[in-house]
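Worksheet: one structure, shown below.
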Amino acid sequence: SSSSSSSSSSSSSSSSSSSSSSSSSSSSSSAIINFPIASIGHSTPAASQANLLTATLSPSFVMLPGSTITLSGFIGSLTASSASLHVVSAPSGILPNVANWNQSAGKVTLTTVGYFGPPTNCTFSFTLQNAASDSAGGGLFVAATLFWSHERRTLNPVPMASPDASATVLGIPWGGIPWRSVSASVLHPVVTSSETRAGMAALLQVKMGTSMDLLGSDGSQVTLSGLANAVASLPGALVPLSGPTAAVLCGPDGTTPFLGELVEGSGQVVMRICSGQRLQASSNHSVFITIVNPPSVQDAAANNTVFVSATGSAAYPPTSVAMPADFMQ
């Protein structure tokens, strides 16, 4: 009877041990592997511009060194593929300072250099050049291949959140949608002149609209070209500016408003957005430019078209403006 009781106890103990082992195994295999925090934002929706992308991740599991994290969806980027895309991250010691960028696949892949697990949030940034054409953005995913509990596991792509998606960026509503790309354009430009006779001072009025903001902090400038043989009206190749928009337009130093620069020989008047200022997206910018017409009569057929363009925060391709037949005669 004692022997039977001992055997029964042993069997019960064995069964309990087996059940515990099975439960542990089941718990391990059913552990939730995901990124409870996976978000991304960007610095600009301007087409073709350098875009600083910032992502924040926090895994529900411990990722051992050598695990990989892949962000995807950056289709159309103008940045060429590279095995050394620069990365800045915090806290340090988790991610490398370079990532692999595959342009055709639109993927950025990082290989962890340290342990990465809860409750740590890791934020990292990298720069890609936006697509040249308009795109809706969004559609960015994170995936991982990881070493976890002595196993190699794969986390299929999951969508990344974009908490700042509704933000207005550079005057673009919903410009915060990461990887959104918007082409800049000069809207309805008109250029008129108060004087067409050779050698005389002329007041040019430029009316135009801009589809997105131009920031002085980005070195932005507006250029009026096609003014062949025009002469600056002030020493140092400077031209005075006036009108509603002139207060945010500066000379070469970037700090003196109501001034532009005539790049003599090129027929260009360059108007820089003043440091700390912004030329806002608008349909009714207006600026007057005082120049001196060429000293001799110009060929009307060759000199009746000027162009308005801009660079900096956004790339505005040159837009032609047809002038009256007697422009700058």
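The values are calculated or read from the model by the stated rules, or taken from the named source; none is laboratory data. All of these numbers come straight from a predicted model, not from anything done at the bench. Note: ideal-geometry Cβ built from the backbone for every residue, glycine included; neighbour counts use all protein chains shown. Surface areas here come from the heavy atoms of the whole protein model, side chains and all, with no ligands, DNA or RNA. Shrake-Rupley method; radii C 1.70, N 1.55, O 1.52, S 1.80 Å.
For region 210-240, residues that are under 27 Å from residue 297 (Cβ atoms), in contact with a helix residue (DSSP H, G or I) (Cβ under 9 Å, 6 or more places away or on another chain) and either crowded, with 18+ Cβ neighbours inside 10 Å or among the aliphatic types (A, V, I, L, M) (or both) total 1.
Of the residues that sit in region 273-289 and are without any contact (Cβ under 8 Å) to a residue 60 or more places away in the chain and hydrophobic (A, V, I, L, M, F, W, C), which one is nearest to residue 308 (Cα to Cα)? Looking at residues that are without any contact (Cβ under 8 Å) to a residue 60 or more places away in the chain and hydrophobic (A, V, I, L, M, F, W, C), I get 273. For region 46-102, taking the residues that are β-branched (Val, Ile, Thr) and without any contact (Cβ under 8 Å) to a residue 40 or more places away in the chain, the one that is nearest to residue 35 (Cα to Cα) is identified as 94. Just the residues that are open to solvent by 40 Å² or more (accessible area, probe 1.4 Å) and in a loop (DSSP other than H, G, I, E, B), please, taken from region 128-150. Within region 128-150, 132, 133, 134, 136, 139, 149, 150 qualify. For region 67-101, a tally of residues being within 17 Å of the chain's Cα centre (by Cα) and either of a type in the set (Val, Ile, Thr) or farther than 20 Å from residue 49 by Cβ (or both) returns 5. The set of residues from region 98-113 being open to solvent by 10 Å² or more (accessible area, probe 1.4 Å) and farther than 30 Å from residue 169 by Cα comprises 111, 113.
The combined condition, being of a type in the set (Gly, Ala, Ser) and either closer than 24 Å to residue 184 by Cβ or at pLDDT 95 or above (or both), is not fulfilled by residue 296. Among strands (runs of 3 or more DSSP E) entirely within region 45-127, having at least 1 residues that are of a type in the set (Ser, Thr, Tyr) singles out 50-58, 68-72, 82-86, 88-90, 107-111.
Residues are listed down the side, and each one gets a yes or a no for (1) crowded, with 20+ Cβ neighbours inside 10 Å; (2) not hydroxyl-bearing (Ser, Thr, Tyr):
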| residue | (1), (2) |
| --- | --- |
| 152 | no, yes |
| 161 | no, yes |
| 181 | yes, no |
| 186 | yes, yes |
| 208 | yes, yes |
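Does any residue of region 219-229 turn out to be at pLDDT 95 or above and under 30 Å from residue 140 (Cβ atoms)? Taking every residue of region 219-229 in turn, at least one turns out to be at pLDDT 95 or above and under 30 Å from residue 140 (Cβ atoms).
Yes or no: residue 87 touching a Gly at 6+ places or on another chain (Cβ under 8 Å), aliphatic (A, V, I, L, M) and more than 16 Å from residue 135 (Cβ to Cβ)? The answer is no for residue 87.
The rows are residues; the columns are (1) open to solvent by 60 Å² or more (accessible area, probe 1.4 Å); (2) among the β-branched types (Val, Ile, Thr); (3) at pLDDT 50 or above.
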site: 8; (1), (2), (3): yes, no, no
site: 12; (1), (2), (3): yes, no, no
site: 22; (1), (2), (3): yes, no, no
site: 32; (1), (2), (3): yes, yes, yes
site: 45; (1), (2), (3): no, no, yes
site: 50; (1), (2), (3): yes, no, yes
site: 55; (1), (2), (3): no, no, yes
site: 75; (1), (2), (3): yes, yes, yes
site: 78; (1), (2), (3): yes, no, yes
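Please work out if residue 64 is open to solvent by 30 Å² or more (accessible area, probe 1.4 Å), over 23 Å from residue 158 (Cα atoms) and touching a Ser or Thr at 6+ places or on another chain (Cβ under 8 Å). In short, no. One residue stands out among those in region 145-170 that are touching a Lys or Arg at 6+ places or on another chain (Cβ under 9 Å) and modelled with pLDDT under 95: the one that is farthest from residue 102 (Cα to Cα), which is 147. Residues in region 260-283 that are in a loop (DSSP other than H, G, I, E, B), closer than 21 Å to residue 185 by Cα and in contact with a helix residue (DSSP H, G or I) (Cβ under 8 Å, 6 or more places away or on another chain): 274, 277.
Pairs meeting the criteria (first residue in region 177-191 and under 29 Å from residue 159 (Cβ atoms), second residue among the polar types (S, T, N, Q) and surrounded by fewer than 18 Cβ atoms within 10 Å (Cβ to Cβ), beta carbons under 8 Å, at least 6 apart or on different chains) are 181/133; 183/133. Scan region 243-259 for residues that are touching a helix residue (DSSP H, G or I) at 6+ places or on another chain (Cβ under 9 Å) and crowded, with 20+ Cβ neighbours inside 10 Å and the total you get is 4.
Quick check on region 265-272. Is at least one of its residues closer than 14 Å to residue 225 by Cα, free of Cβ contacts under 8 Å to residues at least 24 places away in the same chain and open to solvent by 60 Å² or more (accessible area, probe 1.4 Å)? Yes: one or more hits.
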